[in-house]
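A quick write-up on the structure given underneath.
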Amino acid sequence: MHELETRHYVAGEFVAGDATPLVVVNPATDAPLATIVGASAALATRAAEANAAATREMRVLSTLKRVELVRRLAAGIRSNGVQLAALLTSESGKPIVESRGEVEYAASFFENAAAAAEVAAGELPASRVADRRVLVLREPIGATVAITPWNFPLAMIARKLAPALAAGCSQVVKPAEETPLTALAFARIYEQVARETGAPMAAFSVVIGDPPTVAGALISHPSTRKLSFTGSTEVGRILAAQCAPRLIKTALELGGNAPFIVFADADLDRAVEQAMLSKFRFMGQTCICANRFLLAASIADEFLARLEARVRALATAIGDPTLESTRMGPLINDAALAKVEAHVADAIARGARLRVGGKRREVAGFSRRFYEPTILSHTDPSMLCACEETFGPVVAAMTFHSEAEAIVLANAVPYGLAGYVMTQDADRLLRVVESLDFGVIGANDGAPSTAEAPFGGRKDSGLGKEGGTHGLDAYTDLKYVSLRVRPQ
Ligand code: ADP
């Protein structure tokens, strides 16, 4: 990987855009990184057509070849890991240590999907009658579309593309306009791996442009059979409505509002450790970051005092995200900063108490989007920081007095992506895990994401699961064949 790729990858080749230019900016420095000439609806339609043609090739590719393609993509990501991580940091502001973690995470999706495809099997359920066999075939669902967010520029593509290819589908990806360069760098890896393995060059495409225009062209193409989207609930609803007329399958991983419950019997040091992991990864900008800290009243002060010590230490590691020592970079854009500032101001105006942080951090020579890790205590469910997802480095803490109250508070939001529970009482752990209405639970674990687990939300957080064998299932359709056997 040498100079930045700024062209779209369509029908197995890199092609220039034909619509409005888009400047990709480094959120840490405000420096323009590249200009991408966006794709028009016509170019997006070309990508959808190539996707449809490639899916016919993918269907007949042997499992061995598909698995080889997917495994080689993992290897390609790893061998280009240094450059990919640097690019990811430059366009997202993610600390370089985390970007390297994301590269690993992305590679693990390809390895996991390859392993799942290798053992995927149809079914032959026992027939009720002697002259019939019931065959259940697993078939790829066909041409698919993925729309991905900026917070995991590589891993969200991996989570969708790896099972798609492993199952024998093709996919066009529309990455977020904030972070298209990582996607295009990955497209170069794909091009090379496909060429070397003899896999269809056009089974993966990347197009970037005005989101409604590009997404509209991709979804409305008659061959598109599935949309996988990760992003906001608002956009998820729009896209689901666009998929509805043709009953296109959807996987929607949408916003969350994760509760982080700490019971009085929790190991507090461990709970603090997990809270730091859950809350401050990528400055609080992941969809499973803890948003509401629900603390047993008897340990709330002690927990917050220990957390505060860790937060003060973290605040000394804010700065240039390209440095090894940095743990917190800038927020992604001005809107993200404005939201964090508005949530903190609203909470304080309504009676929350600021323990630490609560303001921007000036970093000489860098952008104004750095925000200190923050702890607010005495928050309540009416505050913006509790009823909306802040998507920033803000702990919003409130207290509870009983297990039942904790569960009611935790579930009292329209979202259902991730929830966390910290307790050493095994009975309570299981009771609470079973009562939480969320798709992903961190039980004494602040970082539950992993390639082999089914990931996805409930309620307004969306539908469908990605990851593990369930990820492969989501790109597979079952065909039932009733076979009559004439007796001799
Ligand atoms: P966020 O608020 O985190 O940026 P969005 O839901 O706005 O989340 O964006 C997630 C993805 O959805 C991005 O790739 C973005 O370009 C895309 N997107 C945003 N609006 C639309 C839309 N109206 N139609 C299709 N895609 C969209």
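The values are calculated or read from the model by the stated rules, or taken from the named source; none is laboratory data. Keep in mind that what you see is a predicted model, and the values were worked out from it rather than measured. Cβ atoms come from the backbone with ideal geometry, glycine included; neighbour counts cover every protein chain shown. Side chains are part of the model used for accessible areas, which takes the heavy atoms of the whole protein and leaves out ligands, DNA and RNA. Shrake-Rupley method; radii C 1.70, N 1.55, O 1.52, S 1.80 Å.
Quick look at the values:
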item	result
Heavy atoms of Asp320 accessible to a 1.4 Å probe, total area in Å² rounded to 10	40
Estimated inter-spin distance, Ala349 and Arg188, nm [label 7 Å along Cα→Cβ]	4.8
His378 accessible area, 1.4 Å probe, all protein chains in place, Å² to nearest 10	100
Carbon + sulfur, % of accessible area of the range 28-181 - ligands and nucleic acids excluded, 1.4 Å	57
Charge tally in the Cβ shell below 13 Å around Val408, where Lys, Arg are +1 and Asp, Glu are -1, Val408 excluded	-2
In the range 295-398, trypsin sites (Lys or Arg not before Pro) in a DSSP loop with at most 13 other beta-carbon atoms within 10 Å	Lys359
Whole-number accessible area per residue in Å² for the range 258-450, which is evaluated in the context of all protein chains at 1.4 Å	38
Peptide ranges 156-164, 398-406, 72-80 listed from the most packed, as the mean C-beta count within 10 angstrom indicates	156-164, 72-80, 398-406
Tilt relative to the chain, helix 96-119 - C-alpha long axis, 0 to 90 degrees, to 10	40
Of all accessible heavy-atom area on the range 258-450, the percent that carbon and sulfur account for (1.4 Å)	52
Tensor-based shape of the range 258-450 (alpha-carbon gyration tensor, a/c under 1.5 rounded, otherwise prolate or oblate)	prolate
Reach of Lys94 by Cα under 16 Å, taken over lysines that are not fewer than 8 positions away in the same chain	Lys279
Cα-based helix-to-principal-axis angle, 81-92 vs the chain, degrees rounded to 10	60
Residue-level accessible surface for Cys385, protein heavy atoms, 1.4 Å, Å²	0
Between helix 180-197 and the chain: long-axis angle, C-alpha atoms, 0 to 90°, nearest 10	30
Cα shape, the range 166-224, gyration tensor, a/c 1.5 rule	oblate
Neighbourhood charge, 14 Å Cβ-Cβ cut-off, centred on Glu111 and excluding it, Lys, Arg +1 and Asp, Glu -1	+1
Sequence-distant lysines (8 or more away, or on other chains) whose Cα lies within less than 16 Å of Lys160	Lys174, Lys226, Lys249, Lys465
Probe 1.4 Å, protein heavy atoms only - accessible area per residue of the range 112-193 in square angstrom	29
Distance from the range 186-236 to the range 242-268 (C-alpha centre basis), Å	24
Global form of the chain, assessed from the alpha-carbon gyration tensor, a/c cut-off 1.5	oblate
